[in-house]
Amino acid sequence: MSNMIISVRNLKKNYGDFEAVKGISFDVKRGEIFGLLGPNGAGKSTTLEIIETLRQKTSGEVVVDGFNLDESPNEIKKIIGVQLQTSGYYPSLNLTELIHLFAGLYNEDIDPMVLLDSVNLRDKAKSKYKEMSGGQKQRFSIATTLINKPRIIFLDEPTTGLDPQARRNLWELIKTIRASGTTVIITTHYMDEAEVLCDRVAIIDSGKIIALNSPDKLIDELVDTGFERPKEVKKANLEDVFINLTGHVLREE
Ligand code: ADP
Ligand code: MG
């Protein structure tokens, strides 16, 4: 069994004349949390969706757990979990009903309460999707990625728009999922999030990978160039103040 669960080689994607992804290569190690970081429009979602078999590539090679994307897309679909855009849910069904619906699509026999427990939503089993807070919706959509017991899950900006408590809560959930042996690929443009969550990150800009390493090594490399922050950094920031005043506890429940 290879140490690398995903290998991407010279991946390109053109939309008409526009080159959105310009020949990128990277590997994801089995069991790691791998981050794709970059500004809006960098090509993160395009890259993820190609690996997820949801978008056609222009050229290049993608291998997921030994399955070549060109030859075995259906095998890849079976071993991955993909977070859908939240608007894709039936808003009037309750969470238990939604899980039954998804489990039926995947042909999986699953106990909704066990799954809801794993993302701390047992109390919401009879609540409608549309009645939940932003953080709860994100936790639920992560739960749905786990229904087919995937080896890899793909999370595209799962914490965008969440408050600091909900964001931290989601980080803990993602770490728990990884601890159970699932590889996680996540996109974000929050660098603090990548720093605490990701084992390694690829920084992508205008369709090219411009750096790839652990957050720690990338920071050390920058420091080695003689870089210093322009002014003395305080020992806390405004987010620390906010968390200190309002606590870590989620308020949404
Ligand atoms: P990111 O997720 O990093 O914000 P995307 O992968 O969504 O970036 O988009 C990369 C670039 O490709 C952007 O300039 C975007 O406007 C363009 N793009 C994305 N999807 C399409 C599409 N279906 N048709 C044309 N251009 C697209
Ligand atoms: Mg995107």
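For segment 34-47, what are the residues that are more than 12 Å from ligand 2 (Cβ to nearest atom) and crowded, with 23+ Cβ neighbours inside 10 Å?
Gly35, the sole residue that qualifies.
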For segment 110-120, which residues satisfy the criterion of being surrounded by 20 or more Cβ atoms within 10 Å (Cβ to Cβ) and farther than 15 Å from His100 by Cβ? Val119
What number of residues within segment 153-164 are in contact with a helix residue (DSSP H, G or I) (Cβ under 7 Å, 6 or more places away or on another chain) and more than 16 Å from ligand 1 (Cβ to nearest atom)? 3
Quick count over segment 224-253, residues being open to solvent by 80 Å² or more (accessible area, probe 1.4 Å), under 30 Å from Ile24 (Cβ atoms) and not charged (D, E, K, R), is 2
Just need a number here: residues in segment 18-49 that are outside any strand (DSSP E or B) and either near ligand 1 (Cβ under 10 Å from one of its atoms) or modelled with pLDDT under 95 (or both). 12
Which one of Thr160, Thr145 is among the polar types (S, T, N, Q) and either buried (at least 19 other Cβ atoms within 10 Å of the Cβ) or within 22 Å of Leu98 (Cα to Cα) (or both)? Thr145
Consider Lys57 against the criteria (1) loosely packed, with under 14 Cβ neighbours inside 10 Å; (2) away from ligand 2 (no atom under 16 Å from the Cβ); (3) under 25 Å from His189 (Cβ atoms): it satisfies all of them except one. Which criterion is unmet? (1)
Here are some residues: Ile99, Ile76, Ile110. Which one is away from ligand 2 (no atom under 16 Å from the Cβ) and in a loop (DSSP other than H, G, I, E, B)? Ile110
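Looking at this structure, is Leu173 more than 16 Å from ligand 2 (Cβ to nearest atom), more than 16 Å from the chain's Cα centre (by Cα), touching a residue at least 40 places away in the same chain (Cβ under 8 Å) and within 30 Å of Leu93 (Cα to Cα)?
Against the criterion (more than 16 Å from ligand 2 (Cβ to nearest atom), more than 16 Å from the chain's Cα centre (by Cα), touching a residue at least 40 places away in the same chain (Cβ under 8 Å) and within 30 Å of Leu93 (Cα to Cα)), Leu173 does not qualify.
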When both residues are 6+ apart or on different chains and their Cβ atoms are under 6 Å apart, which pairs have a first residue that lies in segment 29-49 and is in contact (Cβ under 8 Å) with a residue 40 or more places away in the chain, and a second that is near ligand 2 (Cβ under 8 Å from one of its atoms) and assigned to a helix (DSSP H, G or I)? Leu36/Lys44; Gly38/Lys44
Just give me the residues in segment 5-46 being over 17 Å from Arg200 (Cα atoms) and polar (S, T, N, Q), in sequence order. Asn10, Asn14, Asn40, Ser45, Thr46
Within segment 188-202, how many residues are closer than 23 Å to Asn14 by Cα and at pLDDT 95 or above? 1
Return yes when Val223 is at pLDDT 95 or above and either more than 16 Å from ligand 1 (Cβ to nearest atom) or outside any loop (DSSP other than H, G, I, E, B) (or both) and no when it is not. no
Taking Leu116 as the residue in question, decide whether it is touching a strand residue (DSSP E or B) at 6+ places or on another chain (Cβ under 7 Å), of a type in the set (A, V, I, L, M, F, W, C) and outside any loop (DSSP other than H, G, I, E, B). no
Ile51 versus (1) more than 14 Å from ligand 2 (Cβ to nearest atom); (2) within 20 Å of Glu75 (Cβ to Cβ); (3) of a type outside the set (D, E, K, R); (4) crowded, with 22+ Cβ neighbours inside 10 Å: which is the lone unmet condition? (1)
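Residues checked against (1) part of a helix (DSSP H, G or I); (2) closer than 23 Å to Thr246 by Cβ:
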residue: Arg139; (1), (2): yes, yes
residue: Lys149; (1), (2): no, no
residue: Phe154; (1), (2): no, no
residue: Thr160; (1), (2): no, yes
residue: Arg167; (1), (2): yes, yes
residue: Glu172; (1), (2): yes, yes
residue: Lys175; (1), (2): yes, yes
Residue match in segment 61-69 (condition: within 16 Å of ligand 1 (Cβ to nearest atom), assigned to a helix (DSSP H, G or I) and not basic (Lys, Arg)): no
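The values are calculated or read from the model by the stated rules, or taken from the named source; none is laboratory data. Fair warning: this is a prediction, and the values are worked out from it, not measured in the lab. Every residue, glycine as well, gets a Cβ built from its backbone with ideal geometry; the counts of neighbours run over all protein chains shown. For the accessible areas, the whole protein counts, side chains as well, though only heavy atoms, and no ligand, DNA or RNA atoms are used. Shrake-Rupley method; radii C 1.70, N 1.55, O 1.52, S 1.80 Å.
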